[in-house]
Amino acid sequence: MTRRRIAAANWKMNTTPGEGAALATQLAEATFDSEMIVAVPATHLDRIGQVFKNQQNIKLAAQNVWYEPKGAYTGEISTAMLLDCGVSYVLVGHSERRQIFGEDSDLLVKKMNAAFEAGLDVIYCCGEPLDARDANQQQYYVNGQLTRELATLPFEYLDRLIIAYEPIWAIGTGRTASPEQAQEMHASIRLFLETTFGAVTAQKTPILYGGSVKPANAKMIFAQADVDGGLVGGASLQSDSFVEIANSFSS
Ligand code: PEP
């Protein structure tokens with residue numbers, strides 16, 4: 001089975017809407033040979049949805065969603081609002097949402113189910129903190145996240161799931177997991193998928209690596225057997241570096 005090859009950008013809380021539109025336009029005009037997904041701030045969605053409207057290989061992602069369809073949830077964004085802006089994907093479980101905003105497993109499951117039910121695809125993020133890695137407990141830690149947050153996912157949604165493994169100690173730190181460390185965890189996540197959902201789901205679910213991916217290290221990481229691409233923060237804020245990352249898959 002041929003795997004998808006995905007370069008996903010997470011702009012986090014960076015760029016103004018005008019700067020974001022300019023960056024999105026540069027990406028839309030670029031040449032690359034993988035799928036591109038770009039997660040932009042909520043204020044940019046409508047405008048960048050227009051920029052990506054007729055693009056085959058670039059899809060728009062939101063960085064957050066609320067699980068109720070509408071109502072008294074000040075500051076939150078519904079699935080219908082995202083869809084109306086041209087959003088195809090939503091990030092759920094990013095470590096910054098877990099750590100800074102206190103999002104727990106119950107909330108993440110509700111968000112994922114609401115997103116899938118509305119027709120959005122999900123990029124589900126998992127990954128261990130430094131103390132778990134230092135204690136060599138990283139597989140145990142990530143397996144716990146997957147068991148709590150993915151194991152009950154209805155079968156019909158699995159086709160629209162992308163997993164991003166992002167060791168927290170490597171996010172925005174300049175410290176990257178070695179290609180071997182990434183491969184070891186990706187193989188373990190694929191094994192979880194196989195035991196929980198079967199071999200077909202395990203093979204076709206894309207598993208991205210995230211954590212200080214740059215043009216200089218993307219090729220080595222993407223060359224690993226179970227790495228299907230990257231979720232990229234800092235290096236996605238310049239179109240040339242992100243396009244170079246998107247062109248780092250071996251042919
Ligand atoms: C991220 O935001 O998901 C991320 C991996 O950031 P960075 O590439 O900057 O480490």
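Sites listed here are trypsin sites (Lys or Arg not before Pro) in the range 94-151 whose DSSP assignment is loop and whose Cβ has at most 10 other Cβ atoms within 10 Å, and the list is empty. Measuring nothing but how far apart in sequence close Cα pairs (under 8 Å, 6+ apart) lie, relative to its length, the chain scores a relative contact order of 22 percent. Placing unit charges on the Cβ atoms of the charged side chains and taking the dipole of the chain about its Cα centre, the candidate lying farthest along the positive direction among Ala135, Ser248, Ile100 is Ser248. Rolling a 1.4 Å probe across the protein heavy atoms gives the chain an accessible surface of 45 Å² per residue. The gain in end-to-end length when the Thr74 to Gln137 segment is fully stretched comes to 18.8 nm, 0.36 nm per residue minus the alpha carbon separation. Checking the cross-link pairs Lys12/Lys111; Lys12/Lys214; Lys53/Lys214 against a 20 Å limit on the alpha carbon distance flags Lys53/Lys214 as lying beyond it. As an exercise, identify the trypsin sites (Lys or Arg not before Pro) in the range 29-66 lying in DSSP coil whose Cβ has no more than 15 other Cβ atoms within 10 Å. Answer in residue order: Lys53. A cut-off of 5 Å between modelled amide H atoms, ignoring neighbours fewer than 5 places along the same chain, links Cys125 with Val92, Gly93, His94, Ala164. Contact order for the range 92-214, expressed relative to its length and based on alpha carbon pairs under 8 Å spaced 6+ residues apart, stands at 27 percent. Once the Cβ-Cβ distance of Thr147 and Asn54 is raised to the sixth power relative to R0 = 30 Å, the FRET efficiency obtained is 0.15.
Available extension along the chain between Asp106 and Ala216 is 35.9 nm, counting 0.36 nm per residue and deducting the alpha carbon span. Rounded to the nearest angstrom and listed largest first, the equivalent-ellipsoid semi-axes of the range 45-100 from its Cα gyration tensor are 22, 15, 8.
Segment Ala199..Leu83, full-extension length gain: 38.6 nm, with 0.36 nm per residue of separation and the alpha-carbon distance subtracted.
Can you pull out the chymotrypsin sites (Phe, Trp or Tyr not before Pro) in the range 44-83 whose DSSP state is coil and whose Cβ has at most 16 other Cβ atoms within 10 Å? Within the range 44-83, the qualifying chymotrypsin sites (Phe, Trp or Tyr not before Pro) (loop, at most 16 other Cβ atoms within 10 Å) are Tyr73. Summing Lys and Arg as +1 and Asp and Glu as -1 over all other residues whose Cβ lies under 11 Å from the Cβ of Ala187 gives a net charge of -3.
Here the label points at Phe155 and Arg3, each 7 Å from Cα along the C-beta direction, are separated by 2.5 nm in the simple model. Per-residue SASA remark: Val200, around 90 Å² accessible (1.4 Å probe; ligands, DNA and RNA not included). Within the accessible surface of the range 6-246, defined with a 1.4 Å probe on protein heavy atoms only, the carbon and sulfur portion equals 51 percent. Pairwise Cα separations in the chain fall into 5 Å bins from 0 onward with the following percentages, short to long: 1, 6, 15, 19, 21, 18, 13, 6, 1, 0.
Taken about its Cα centre, the range 6-246 carries a charge dipole of roughly 180 debye when the Cβ of each Lys and Arg holds +1 and the Cβ of each Asp and Glu holds -1. Placing +1 on the Cβ of each Lys and Arg and -1 on the Cβ of each Asp and Glu in the range 6-246, which of Ala72, Tyr89, Gly234 has its Cα farthest towards the positive end of the resulting dipole? Value: Ala72.
The values are calculated or read from the model by the stated rules, or taken from the named source; none is laboratory data. Everything numeric here is computed off the predicted structure, so don't read it as measured data. Using ideal geometry, Cβ is built from the backbone for each residue, glycine included, and neighbour counts are taken over all protein chains shown. Side chains are part of the model used for accessible areas, which takes the heavy atoms of the whole protein and leaves out ligands, DNA and RNA. Shrake-Rupley method; radii C 1.70, N 1.55, O 1.52, S 1.80 Å.
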